[in-house]
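S.K.: Okay, here's the structure, questions in a sec.
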Amino acid sequence: MNDGIESRIPAGGKKIVLAGNPNVGKSVFFNALTGLYADVANYPGTTLDIACGRYNGDVVIDTPGVYGVSSYSEEEEITRDIILVADIVVNIVDMVHLERDLFLTLQIIDMGIPIIMALNMADEAERGGMKINHALLEELLGIPVVPTAAVHHTGIDELKEKIYQARPGLVDSSLVEKISQVSTPCSRGEALLILEGDPVVSQRCGAAPGAEPESIYRSRRERANQIASLVVKEAGENQGFADKLGRWMLLPVTGFPLLLLTLWGIYELVGVFIAQFIVGFTEQIMSGYYEPVIRSLLGGFLGPGSVLTTILAGQYGVLTLTVTYLIGLLLPLVLGIFLVMAILEDSGYLPRIATLVDRSVSALGLNGQAIIPLILGFGCVTMACISTRLLSSERERRIAIFLLAFGVPCSAQLAIIMAVFAGLGPTYLLLYILILFSILVTTGTFLGRYLPGVPAPLLIELPPLRLPQPKNFIKKAWTRSYNFIKEALPLFAGGALFLSILEVTGLLQGLRVLLTPLTVNWLHLPPEIADVFIMGAIRKEFGAATIMNLHMLPIQDFVVMLTLTLTVPCIASTMVILKERGWREGILIWCVIYALAFLIGGVTAHLLEALSKAGVLNASASLLFGLIIFLTGTVLILSMRCRPRKAD
Amino acid sequence: MIMIIIIFIVVILGEVTTVRLDKANKGQIVKITEIPNDRVRVQAIRFGLSEGAVVTCREVVPAGPVIVTRNKQEIAIGRNLAKTISVEPC
Ligand SMILES: Nc1nc2c(ncn2[C@@H]2O[C@H](COP(=O)(O)OP(=O)(O)O)[C@@H](O)[C@H]2O)c(=O)[nH]1
Ligand SMILES: [Mg+2]
């Protein structure tokens, strides 16, 4: 893994690594140092993006925020490996939380890596009536310290001037000898991590992990507290509006309305403004101008109707469908979602949401942090599956990924759902929401109860609420979207090629026939619907047009939408699931979800038909139906929760 | 025999008088005396919440997490985790 990251970092110059706790301003510094253009290196074996840029011919690397480095989480491992290969570490520290941040600082100093400290958030500290004797701090740590307020651009020039004066600081004297006793051939930093019991580094270097990691941690914590108490002059009380708002976000009475308001705002922005207005506009451009031009060009060269023209520019053409969907549909959506995510991240609201819903989400066998992937899932299930890394245990990741793939419709699915339900009326929509919700809760409760292990405890820090800086979140969103589209491009092109080939070779017809028992006999749908499911396995949007063109009965439309929602959203999410959970578990999850989706779809079809035959399928009847399912779910959950848990 | 009884009583008393974090009231200042979960303990040391740390219980979300503060730092601790953390009122 270690050689992996080295090869991903652009060569040439020194490696300047920005490291610090979460939410201290690393990304603001990164932007200030590197300007607008940044590469994003994909860390080998993971999907976490590491931003790399250039400063003075040297490489600047932004790392995920951590409180210390070892192997406790993926972020930590990545940050650890990058710090281990650093030439200079710029340690960004939140002045207001100096004591907390000093743990990481001291750990990097103990690793013997040249380091310079940016004492950031000086403006916030000043507002809170807090002063820090930074000359004394410099002396105690043995490294240069520069006070900064990155968002106001104060101190950045001084930091730039001093960056090459970074030097190894004063190492904890009790550690020096122990480090020299680590006899395996490894770097100074690795030696420290071995002493601290890091299993991954120990294995990499072929040494036995140290036996007393906790005492090292404890004495470092004490040292950090002591240094902080010496250099912090006054710690004023900070009771501004942000503080009050932060409190309101946590209490159910005010927190849930605020959360609903936020979700509504997000929906209006992404779901209405972008998904309908902007996408309507961009799609029109693509299908009105781009596609005809490509078709006539290719038709002129290859002859209209030729096999190659169909493959390249037909209904599923590689050049038409891929580009239209990527640029016309996906790009605006993804950009909108990433923008919202970046704003939520920068503002410090996400951990408060996690705290607020901790109780409610624990019904699903998850802790409050899982709400973040679940909410993201409504944007993009693929992305949300990736973000399950945020969760602290295997068990939670497993549950969250299953729920995401099964019961959470992504924005692409939601877009079709909105379009189809617009023609079906609000009763069906309500029914759909009720059924989906019951399925989600029932599945979660079931998994939470029967998977081995206990729910991981919630332990998160609540960062101060801040007004997000447009420059910061726009760049974040843009970089992420660009990457997403770049990665989706081959998948889309491949999918389109696959479909075109199926079409021109007549295999699509064969698959349809093969699927008739399922589609026609069990789900009571027209045979052409097989296309929707086949394509749906690749990308849910692929099937949207087909559904509209089939002119089915409302019940059939409904059954298709429900079944489609329950299946795994797309080939990309399938890949991510396989990658995250391993082949065996991934395939198992995939198969179980497809089986359940068709089972539930069929049962719903039969029930709805029975109801409509009896002549009662009007608004109230379907409501009743939904209510019954809803109640069944609730009863099931209650009965499961009342039984004592063995695992406790 | 008497020794055993005395030890027994001491243990029982200790168990009965041990206060857990989830029982703390809003605004109360407590000292953390024990965090049994290894992983949580290590993460807590990095946060600055080592055993022996004095924290203020800022908020108790009804049936939900307990929020403690220390030096302007706010940390949310899930209800079930808070039930395992022993504290001493100060
Ligand atoms: N008031 C103030 N806010 C800052 C400062 N530096 C960063 N921020 C804000 O703190 C938040 C987190 O910054 P970010 O760079 O994303 O932190 P990261 O998680 O360390 O990369 C953002 O809302 C920034 O605008 C500063 O010096 N003063
Ligand atoms: Mg950042």
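The values are calculated or read from the model by the stated rules, or taken from the named source; none is laboratory data. Owing to the predicted nature of the structure, the values given are computational and were not obtained by experimental measurement. Every residue, glycine as well, gets a Cβ built from its backbone with ideal geometry; the counts of neighbours run over all protein chains shown. These accessible areas exclude ligands, DNA and RNA; they are computed on the full protein's heavy atoms, side chains included. Shrake-Rupley method; radii C 1.70, N 1.55, O 1.52, S 1.80 Å.
S.K.: It is to be established whether one or more residues within the range A:466-473 are within 16 Å of ligand 1 (Cβ to nearest atom), open to solvent by less than 40 Å² (accessible area, probe 1.4 Å), assigned to a helix (DSSP H, G or I) and modelled with pLDDT of 80 or more.
M.R.: Yes, because at least one residue in the range A:466-473 is within 16 Å of ligand 1 (Cβ to nearest atom), open to solvent by less than 40 Å² (accessible area, probe 1.4 Å), assigned to a helix (DSSP H, G or I) and modelled with pLDDT of 80 or more.
S.K.: In addition: Take A:ALA400 and tell me if it is within 16 Å of ligand 2 (Cβ to nearest atom), in a helix (DSSP H, G or I) and either more than 28 Å from A:GLU585 (Cα to Cα) or touching a residue at least 24 places away in the same chain (Cβ under 8 Å) (or both).
M.R.: no
S.K.: Residue pairs, Cβ under 9 Å, 6 or more apart or interchain, first in the range A:451-474 and within 14 Å of B:ASN80 (Cα to Cα) and at the interface with another protein chain (Cβ under 8 Å from one of its Cβ atoms), second open to solvent by less than 70 Å² (accessible area, probe 1.4 Å) and of a type in the set (Phe, Trp, Tyr). List them.
M.R.: Within 9 Å, the pairs are A:LEU459/B:PHE47.
S.K.: Give just the number: which of (1) within 13 Å of chain A (Cβ to nearest Cβ); (2) assigned to a loop (DSSP other than H, G, I, E, B) does B:ASN25 not satisfy?
M.R.: (1)
S.K.: Of the residues in the range A:443-465, how many are open to solvent by 30 Å² or more (accessible area, probe 1.4 Å) and either over 27 Å from B:VAL61 (Cβ atoms) or not hydrophobic (A, V, I, L, M, F, W, C) (or both)?
M.R.: 7
S.K.: Which number in (1) within 14 Å of another protein chain (Cβ to nearest Cβ); (2) within 16 Å of ligand 2 (Cβ to nearest atom) marks the one condition that A:ARG127 misses?
M.R.: (2)
S.K.: I would also like to ask the following. Name the residue, out of A:LEU350, A:LEU329, A:LEU263, A:LEU319, that is surrounded by 18 or more Cβ atoms within 10 Å (Cβ to Cβ) and within 18 Å of A:SER411 (Cα to Cα).
M.R.: Every option except A:LEU329 fails the conditions.
S.K.: While we're on this one: Under 9 Å between Cβ atoms, which residue pairs at least 6 apart in sequence (or on different chains) link something in the range A:370-390 that is among the charged types (D, E, K, R) with a partner that is surrounded by fewer than 24 Cβ atoms within 10 Å (Cβ to Cβ)?
M.R.: These pairs meet every condition: A:ARG389/A:THR46; A:ARG389/A:THR47; A:ARG389/A:LEU48; A:ARG389/A:SER73; A:ARG389/A:GLU74; A:ARG389/A:GLU75; A:ARG389/A:ARG397; A:ARG389/A:GLU580.
S.K.: Go through A:LEU431, A:LEU414 for me and flag whichever is over 27 Å from A:VAL334 (Cβ atoms) and in contact (Cβ under 8 Å) with a residue 40 or more places away in the chain.
M.R.: Of A:LEU431, A:LEU414, the one residue that is over 27 Å from A:VAL334 (Cβ atoms) and in contact (Cβ under 8 Å) with a residue 40 or more places away in the chain is A:LEU431.
S.K.: Of the residues B:GLU51, B:GLU74, which single one is more than 7 Å from chain A (Cβ to nearest Cβ), touching a Lys or Arg at 6+ places or on another chain (Cβ under 9 Å) and not in a helix (DSSP H, G or I)?
M.R.: Result of the check over B:GLU51, B:GLU74: B:GLU51.
S.K.: Sort out which residues of the range A:152-181 are open to solvent by 70 Å² or more (accessible area, probe 1.4 Å) and over 24 Å from A:ALA224 (Cβ atoms), and write them in order of number.
M.R.: Hits for the range A:152-181 are A:HIS152, A:HIS153, A:THR154, A:ASP157, A:GLU158, A:GLU161, A:TYR164, A:GLN181.
S.K.: Looking at the range A:350-371, can you tell me whether even one residue there is within 16 Å of ligand 2 (Cβ to nearest atom) and closer than 28 Å to A:GLU396 by Cα?
M.R.: Checked against the condition, which is being within 16 Å of ligand 2 (Cβ to nearest atom) and closer than 28 Å to A:GLU396 by Cα, the range A:350-371 yields at least one hit.
S.K.: Here is a list: A:GLN369, A:GLN413. Which entry is touching a helix residue (DSSP H, G or I) at 6+ places or on another chain (Cβ under 8 Å), over 24 Å from A:MET249 (Cα atoms), polar (S, T, N, Q) and assigned to a helix (DSSP H, G or I)?
M.R.: Result: A:GLN413 is the single residue among A:GLN369, A:GLN413 that is touching a helix residue (DSSP H, G or I) at 6+ places or on another chain (Cβ under 8 Å), over 24 Å from A:MET249 (Cα atoms), polar (S, T, N, Q) and assigned to a helix (DSSP H, G or I).
S.K.: Here is a list of conditions, (1) crowded, with 24+ Cβ neighbours inside 10 Å; (2) within 14 Å of chain B (Cβ to nearest Cβ); (3) on the phi < 0 side of the Ramachandran plot, and A:THR382 meets all of them except one; can you say which number that is?
M.R.: It fails just one condition, (2).
S.K.: Consider A:ILE371 against the criteria (1) away from chain B (no Cβ under 13 Å); (2) at pLDDT 80 or above; (3) open to solvent by 20 Å² or more (accessible area, probe 1.4 Å): it satisfies all of them except one. Which criterion is unmet?
M.R.: The number of the failed condition is (1).
S.K.: Which ones in the range A:130-152 are hydrophobic (A, V, I, L, M, F, W, C), away from chain B (no Cβ under 14 Å) and within 16 Å of ligand 1 (Cβ to nearest atom)?
M.R.: Hits for the range A:130-152 are A:VAL145, A:VAL146, A:ALA149, A:ALA150, A:VAL151.
S.K.: To continue, here is another question. Suppose the filter is within 12 Å of chain B (Cβ to nearest Cβ) and more than 16 Å from ligand 2 (Cβ to nearest atom); does A:GLU99 pass it?
M.R.: Against the criterion (within 12 Å of chain B (Cβ to nearest Cβ) and more than 16 Å from ligand 2 (Cβ to nearest atom)), A:GLU99 qualifies.
S.K.: Conditions first: (1) modelled with pLDDT under 80; (2) on the phi > 0 side of the Ramachandran plot; (3) within 16 Å of ligand 2 (Cβ to nearest atom). A:GLY35 passes all but one, so which condition is the exception?
M.R.: (3)
S.K.: Of B:GLU88, B:GLU59, which residue is acidic (Asp, Glu), loosely packed, with under 15 Cβ neighbours inside 10 Å and at pLDDT 85 or above?
M.R.: B:GLU88
S.K.: Do we find that A:MET95 is of a type outside the set (S, T, N, Q), surrounded by fewer than 24 Cβ atoms within 10 Å (Cβ to Cβ) and under 26 Å from B:ILE75 (Cβ atoms) in this structure?
M.R.: Taking the combined requirement at face value, the residue does not satisfy it.
S.K.: A follow-up question, please. Within the range A:48-60, is there a residue that is more than 14 Å from chain B (Cβ to nearest Cβ), within 24 Å of A:VAL171 (Cα to Cα) and either surrounded by fewer than 24 Cβ atoms within 10 Å (Cβ to Cβ) or in contact with a Ser or Thr (Cβ under 6 Å, 6 or more places away or on another chain) (or both)?
M.R.: Checked against the condition, which is being more than 14 Å from chain B (Cβ to nearest Cβ), within 24 Å of A:VAL171 (Cα to Cα) and either surrounded by fewer than 24 Cβ atoms within 10 Å (Cβ to Cβ) or in contact with a Ser or Thr (Cβ under 6 Å, 6 or more places away or on another chain) (or both), the range A:48-60 yields no hits at all.
S.K.: Please give the helices (runs of 4 or more DSSP H) falling wholly within the range A:182-238 in which 2 or more residues are within 14 Å of chain B (Cβ to nearest Cβ), at pLDDT 90 or above and surrounded by 20 or more Cβ atoms within 10 Å (Cβ to Cβ).
M.R.: Passing ranges, in order: A:213-231.
S.K.: For residues in the range B:62-71 being within 7 Å of chain A (Cβ to nearest Cβ) and open to solvent by 30 Å² or more (accessible area, probe 1.4 Å), which is farthest from A:LEU350 (Cα to Cα)?
M.R.: Only one residue fits best here, namely B:ASN71.
S.K.: Check whether at least one residue in the range A:172-181 is part of a loop (DSSP other than H, G, I, E, B), closer than 20 Å to A:ILE216 by Cβ and in contact (Cβ under 8 Å) with a residue 12 or more places away in the chain, and report yes or no.
M.R.: Checked the range A:172-181: at least one residue is part of a loop (DSSP other than H, G, I, E, B), closer than 20 Å to A:ILE216 by Cβ and in contact (Cβ under 8 Å) with a residue 12 or more places away in the chain.
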